[in-house]
Amino acid sequence: MRIALESPDQPDVASLIAALDAWLGGLYPPASNHLLEVGALRAPEVIFAVARDMAGAACGCGAVVPMDNRGELKRMYVSPDCRGKGVGRALLQFLEQQARQRGCVMLRLETGVHQSEALGLFERSGYTARGPFGGYHPDPLSVFLEKQL
């Protein structure tokens, strides 16, 4: 597996993001899906990483949107056939390192209550519960987490 900063505009990465959108659309109503538009992932300040398998296919992605000395994790996803192989953990560690190098002292995120694998990964990685932040509002389908870097 290889993880690198890449563009979200590549066809295989766009397919990965589309799969994420479809998956989340099946889990949550539109009002509880807080998706960052793909166009926003191209902003120069956004850290966007792609994990690729040994054949070079995109199998995971994630982003950090910096805000002052904090960042928000967005668009974390690992394709179903690559789950359980450490891709999510490696991708998260890569994003945390990149954020730290850019001066972030804390990462925050919003994820859904039905994403038990993601919740487990974040908890094992040191993320703790907090209330809504930024423009988020309380939502029984959302979980808000943060980690000091």
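The values are calculated or read from the model by the stated rules, or taken from the named source; none is laboratory data. Fair warning: this is a prediction, and the values are worked out from it, not measured in the lab. Please note: Cβ atoms are built from the backbone with ideal geometry, for glycine as well, and neighbour counts cover all protein chains shown.
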Original post:
Considering only residues of the range 79-102 that are part of a loop (DSSP other than H, G, I, E, B) and of a type outside the set (D, E, K, R), which is surrounded by the most Cβ atoms within 10 Å (Cβ to Cβ)?
Top reply: S79
**OP:** Return yes when L92 is over 20 Å from Y136 (Cα atoms) and at pLDDT 95 or above and no when it is not.
**Re:** yes
Subject >> Tabulated pairs, the range 4-23, first closer than 11 Å to R75 by Cα, second among the basic types (K, R), C-beta under 7 angstrom, 6+ apart or interchain >> reply: P8/R42; I17/R75; L20/R75
Original post:
Can you tell which of A40, A19 is surrounded by 12 or more Cβ atoms within 10 Å (Cβ to Cβ), more than 22 Å from P80 (Cα to Cα) and out of contact with any Asp or Glu (no Cβ under 9 Å at 6 or more places or on another chain)?
Top reply: A40
Original post:
Which of the residues belonging to the range 122-141 are under 18 Å from G71 (Cα atoms) and not in a loop (DSSP other than H, G, I, E, B)?
Top reply: F122, E123, T128, A129, R130
Original post:
If only one of L24, L73, L35 is in contact with a Leu (Cβ under 8 Å, 6 or more places away or on another chain), assigned to a loop (DSSP other than H, G, I, E, B) and surrounded by 12 or more Cβ atoms within 10 Å (Cβ to Cβ), which one is it?
Top reply: L35
Subject >> Candidate set from the range 49-70 (those that are more than 12 Å from A99 (Cβ to Cβ) and part of a strand (DSSP E or B)); member that is nearest to the chain's Cα centre (by Cα) >> reply: C61
**OP:** Would you check if A118 is within 16 Å of A4 (Cβ to Cβ), in contact (Cβ under 8 Å) with a residue 24 or more places away in the chain, surrounded by 16 or more Cβ atoms within 10 Å (Cβ to Cβ) and touching a Gly at 6+ places or on another chain (Cβ under 8 Å)?
**Re:** no
**OP:** All but one of (1) farther than 21 Å from Q10 by Cβ; (2) in contact with a helix residue (DSSP H, G or I) (Cβ under 8 Å, 6 or more places away or on another chain) hold for M76, so report the exception by its number.
**Re:** (1)
Subject >> Residues of the range 59-99 that turn out to be under 13 Å from E45 (Cα atoms) and small (G, A, S), as a count >> reply: 3
